[in-house]
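Read-outs throughout are calculated quantities, based only on the coordinates presented, and are distinct from any laboratory measurement. Since the structure is predicted, the reported quantities are computational estimates derived from the model, not experimental observations. Neighbour counts run over all protein chains shown; Cβ positions are idealised from the backbone, glycine included.
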Amino acid sequence: MAFHPNMRSMTEGLTVIGEMQPSYFNAAIADIWHVRCCPAAGGQYVSHAPRLFVVLEQAGEEGITISGSQSHDPSEPGIPNPLCFVPAGFRVWSYIGKPGRLRHLDIHLDVDRFPDRLWEDIPSGSLDEPKLMFFDERVFGLARLIAAECENHRVRRDLYGDSLICALVCGLAQVEADFSRPAGQLAPDKLRKSIEFIEDNCTRSIRLGQISDLVDLSPAYFCNAFKLTTGMPPHQWQMRARVNRAKQILVTTDLPLSVAAVDAGFSDQAHLTRVFRRIVGTTPNDWRRSHHA
């Protein structure tokens, strides 16, 4: 199957239990994940395809929270089986405060393969905005049926499975969004373009005007909108991207820290250590030793 969601993620404190096998439908790919969660676990995720995230089961004192910004409100009430619809290019963050286990379903939608007649029943623009941390009995019921199809590998995923996916999309389109992009935030496509540019060029000096020109915004408006959307200014995002680049170098090579620092875009080893400690909470050398153990 040619379709692939190409989802990119960065996680901390999450361990996949067992083997994950994707299930292929005519217009979707579905994955069931079993995850062990450490305290303060979480991650950030962005995909080239829209997807539905469904918590099927969770065990622990605190459930998962999915947000459109990096900030997390610990007093925010949880939902036993939250659903999250994430449009293509929209970045989300997950947070789990206390240890536990999670079983969830990801359904990645290939919108180009849906039949034309399906779109006649879907209100225009209803699948363009995120819907996070909601619950709808119809959508959850359909998601559980799809999960059962994924777990029963003897079932042929033909008309029945494809009908479930189409019904799911129609159900999603009828859900009233309880989450919308606040005024001043970047649109998903502009956010995706700017983040891709920052991360692809994180090791070199980037001017704010280069990114704002890319998304047709003024530098001042872009900087404010980026911070409102992601919870941090563009420069801080670049520093985190450099730290992630440094992590990759540290765990895959034996290069000295001074060389790894320059290769990751830092001015020197001291600069790397200072930024790394602030973001990760430990030094690059200690982090390397713990991940080589």
So, with points 7 Å from each Cα along the Cβ direction, the GLU199-GLU62 label distance in nm works out to 2.5
Multiply the residue separation of ALA40 and VAL16 by 0.36 nm, subtract the distance between their alpha-carbon atoms, and state the gained length in nm to one decimal. 7.0 nm
Counting only residues 5 or more places away or on other chains, whose amide H sits under 5 Å from the amide H of LYS98 once H atoms are built in the peptide plane? ALA40, GLU62
Quick one: helix 234-252 against the long Cα principal axis of the chain, what's the angle to the nearest 10°, folded into 0 to 90? 90
Could you work out the helix-only [θ] at 222 nm for the chain, with each DSSP H run of four or more residues adding -39,500 (n - 2.57) and the total divided by the number of residues, to the nearest 500 deg cm²/dmol? -12000 deg cm²/dmol
Relative contact order (percent, whole number), the chain, Cα cutoff 8 Å, 6+ residue spacing: 16
So if we plug the beta-carbon distance of ALA270 and ARG8 into 1/(1 + (r/R0)^6) with R0 = 25 Å, what FRET efficiency do we get, rounded to 0.05? 0.25
Hey, what angle do you get for helix 159-174 against the long axis of the chain, alpha-carbon based, 0 to 90 degrees rounded to 10? 70
Which of [x] 161; [y] 153; [z] 249 is the computed volume of the Cα convex hull per residue in Å³? It is [y]
Whichever lysines have a C-alpha closer than 27 Å to that of LYS98, once near sequence neighbours (fewer than 8 apart) are set aside: LYS131, LYS247
Based only on other Cβ atoms within 10 Å, what is the fewest-to-most ordering of SER9, SER126? SER9, SER126
Taking the Cα centre of the stretch 188-292 as the origin, how large is its charge dipole in debye, to the nearest 20, when only Lys and Arg (+1) and Asp and Glu (-1) carry charge on their Cβ atoms? 320
Packing-ranked peptide list from 204-210, 267-273, 144-150, highest mean Cβ count within 10 angstrom first, is 144-150, 267-273, 204-210
Name the residue, out of MET20, MET133, MET232, whose mean-square fluctuation peaks in a Gaussian network model built on the chain with Cα pairs under 10 Å. MET20
Which peptide among 281-288, 41-48 comes first, and what is the full order, when sorted by highest mean count of other Cβ atoms within 10 Å? 41-48, 281-288
What distance in nm lies between label points placed 7 Å from Cα along the C-beta direction at LEU228 and HIS291? 3.5
